[in-house]
Amino acid sequence: ILDTFDDFKRSVKNLVDIGAGKGLDAKFWSEMRDVPNADGTPGKRLNIKCTAVDLQNNMENPIPRNLDFTAHDFNRGPFPFGKKKFDVAWCHGSLQYAHSPIQVLGNINSIMNKNGMLYLCVPMTVNNAYNKFENYTPAKFLNTFTLTQIIYYIALNGFDCKDAYFNKPPNEDAIEVL
């Protein structure tokens, strides 16, 4: 999705990865480079300061210097960052574990810079795949989502949706929101 947004990627100074798991997404961002040089060599590192948040630290080594970890259960209230704000909040495959997605999204909004970007990727467990209606909920999921519901949740929490990007690929069970 972000491949054509080089100016945006250059503008990102810090990012929080919520529900980071092994920290692979945060590591990807922390190691992000600018576009390749004219001679084909890799572009310079963007040095985005990344914070991975999860219940416990499961990040795989080596861990870049610009990536740190914060232990926090997003179901237990606001994030422990004080006045720190982030340019990007990355929430890939974790909102379905929230006791209250509305509360978690509100807490995410409170740690974002003005004009920051929220990225959500959630499973869509009500699908019309290959012309068959399917509805399922994996055992550990606390929530299921539809595209309409996600739009409602993010708007309810004060996110500006007028320039948002919503993607629900056909025959896939994921919703992406930028």
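The values are calculated or read from the model by the stated rules, or taken from the named source; none is laboratory data. In this text the structure is predicted, and so the values were computed from the model without any measurement. Virtual Cβ from ideal backbone geometry, glycine too; neighbours counted across all protein chains shown. SASA here: full protein model, heavy atoms, side chains in, ligands and nucleic acids out. Shrake-Rupley method; radii C 1.70, N 1.55, O 1.52, S 1.80 Å.
Output the number of residues of region 88-116 satisfying the condition of being over 20 Å from Phe145 (Cα atoms), modelled with pLDDT of 95 or more and crowded, with 19+ Cβ neighbours inside 10 Å.
Qualifying residue count, region 88-116: 2.
Report, ordered by the first and then the second residue, all pairs with beta carbons closer than 6 Å, sequence separation of six or more or different chains, a first member in region 81-100 that is farther than 19 Å from Val122 by Cβ, and a second member that is outside any loop (DSSP other than H, G, I, E, B) and among the polar types (S, T, N, Q).
Taking only residues 6 or more apart or on different chains, the pairs are Lys85/Asn113; Phe86/Asn14; Asp87/Asn14; Asp87/Asn113.
Under 8 Å between Cβ atoms, at least 6 apart or on separate chains: pull out the pairs that start in region 25-38 with a residue that is under 15 Å from Ser11 (Cβ atoms) and at pLDDT 90 or above and end on any residue that is among the aromatic types (Phe, Trp, Tyr) and not in a helix (DSSP H, G or I).
Qualifying pairs under 8 Å: Trp29/Trp90.
Take region 161-178 and flag every residue that is in a loop (DSSP other than H, G, I, E, B), in contact (Cβ under 8 Å) with a residue 12 or more places away in the chain and closer than 18 Å to Asn109 by Cα.
Within region 161-178, Ala164, Tyr165, Leu178 meet the criteria.
Would you say Gly158 is surrounded by fewer than 18 Cβ atoms within 10 Å (Cβ to Cβ), closer than 26 Å to Cys50 by Cα, among the small types (Gly, Ala, Ser) and touching a residue at least 60 places away in the same chain (Cβ under 8 Å)?
no
Please report, ordered by residue number, the strands (runs of 3 or more DSSP E) entirely within region 1-105 with at least 3 residues that are of a type in the set (Asp, Glu).
By residue number, no strands (runs of 3 or more DSSP E) qualify.
Consider Ala174 carefully, then state whether it is open to solvent by less than 80 Å² (accessible area, probe 1.4 Å), within 22 Å of Val53 (Cα to Cα) and at pLDDT 95 or above.
Spelling it out, it is not the case that Ala174 is open to solvent by less than 80 Å² (accessible area, probe 1.4 Å), within 22 Å of Val53 (Cα to Cα) and at pLDDT 95 or above.
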